[in-house]
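What follows is a short report on a single structure.
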Amino acid sequence: MTARRATLDDLESIMVLERASFPTDAWSDAMMREELASPHSWYVVVEEAGNLVGYAGLRAPLGASDADIQTIAIAEGSRGRGRGRALLATLLAEAARRGAAVVFLEVRADNPAAQALYASEGFVELGRRPRYYQPDDVDAIVMRLDLPAWVARPRADGGASAADAGAVDAGACT
Ligand SMILES: CC(C)(COP(=O)(O)OP(=O)(O)OC[C@H]1O[C@@H](n2cnc3c(N)ncnc32)[C@H](O)[C@@H]1OP(=O)(O)O)[C@@H](O)C(=O)NCCC(=O)NCCS
């Protein structure tokens, strides 16, 4: 799987997947545009046969000691084949490159697939924000990752290092 850096030209395709993946609480076009344009953000996309099948975003201001996983989504037909984990690893490697030591995220309490993904990479639950997601009235679970420990941890497959995970098709970057 090769991820490439997202550009503003990806906005429309990202929003199609955003609305399909988060039917009740999708971001607006304007919010996503702001995210893609921000120097504090770092978004990647993954394509198959020319179609965008995944995206993920990090917020990691340079020089800050902490970063946030903002979002991650894989198209329904492309799930379950390691793409979500690969995109998450790409974001974490970039957060480390930017000097972050801690990464935070929020995940819906009714989203066991995403929780399992995050826990398996070493995120631990910090606390809950009751009824954070509206209009669904669902709690947010706040999770935290010790980034140096993630960078140092042995890869299960003995393959890609954390640094390799950050490899993004440079030719496609802006
Ligand atoms: C969460 C999401 C990004 C995972 O992407 P994916 O490509 O399917 O995930 P992967 O194939 O890389 O799987 C990674 C891990 O996620 C967990 N996982 C994935 N699908 C799962 C499922 N249906 N049930 C339970 N755990 C699941 C497992 O821990 C899995 O590891 P394993 O394969 O070793 O068991 C994807 O389900 C998605 O886009 N969901 C809709 C959007 C969303 O909820 N985003 C997260 C917002 S916080």
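The values are calculated or read from the model by the stated rules, or taken from the named source; none is laboratory data. Quick caveat: nothing in here was measured; it's all calculated off a predicted structure. Glycine also receives a Cβ, built like all others from the backbone with ideal geometry; neighbour counts cover every protein chain displayed. Accessible surface areas use protein heavy atoms only, side chains included; no ligands, DNA or RNA. Shrake-Rupley method; radii C 1.70, N 1.55, O 1.52, S 1.80 Å.
Take the residues in segment 61-80 that are in a loop (DSSP other than H, G, I, E, B) and more than 6 Å from the ligand (Cβ to nearest atom); name whichever of them is nearest to G122 (Cα to Cα). Top of the filtered list is S65. Of all residues in segment 76-93, exactly one satisfies the criterion of being among the aliphatic types (A, V, I, L, M) and open to solvent by 20 Å² or more (accessible area, probe 1.4 Å), namely A86. For segment 101-118, the count of residues that are β-branched (V, I, T), over 30 Å from D137 (Cβ atoms), part of a strand (DSSP E or B) and touching a Phe, Trp or Tyr at 6+ places or on another chain (Cβ under 8 Å) is zero. Which of the residues belonging to segment 96-119 are open to solvent by 60 Å² or more (accessible area, probe 1.4 Å) and of a type in the set (D, E, K, R)? Within segment 96-119, R97, E106, D110 qualify.
Which residue out of R97, R83, R108 is within 13 Å of the ligand (Cβ to nearest atom), in contact with a Gly (Cβ under 7 Å, 6 or more places away or on another chain) and within 26 Å of P148 (Cα to Cα)?
Values: R97 fails: within 13 Å of the ligand (Cβ to nearest atom); R108 fails: in contact with a Gly (Cβ under 7 Å, 6 or more places away or on another chain).
Just a single option satisfies the conditions, and that option is R83.
Taken as a whole, segment 18-32 holds no residue that is in a strand (DSSP E or B) and open to solvent by 50 Å² or more (accessible area, probe 1.4 Å). The residues of segment 38-60 that are buried (at least 16 other Cβ atoms within 10 Å of the Cβ) and away from the ligand (no atom under 15 Å from the Cβ), listed by number, are S41, W42, A60. In segment 120-136, the qualifying residues are those that are open to solvent by 50 Å² or more (accessible area, probe 1.4 Å) and within 18 Å of the chain's Cα centre (by Cα), and the one that is nearest to L87 (Cα to Cα) is V124. Hey, could you check segment 137-153 for residues that are in contact (Cβ under 8 Å) with a residue 12 or more places away in the chain and part of a helix (DSSP H, G or I) and say which is surrounded by the most Cβ atoms within 10 Å (Cβ to Cβ)? Looking at residues that are in contact (Cβ under 8 Å) with a residue 12 or more places away in the chain and part of a helix (DSSP H, G or I), I get L147.
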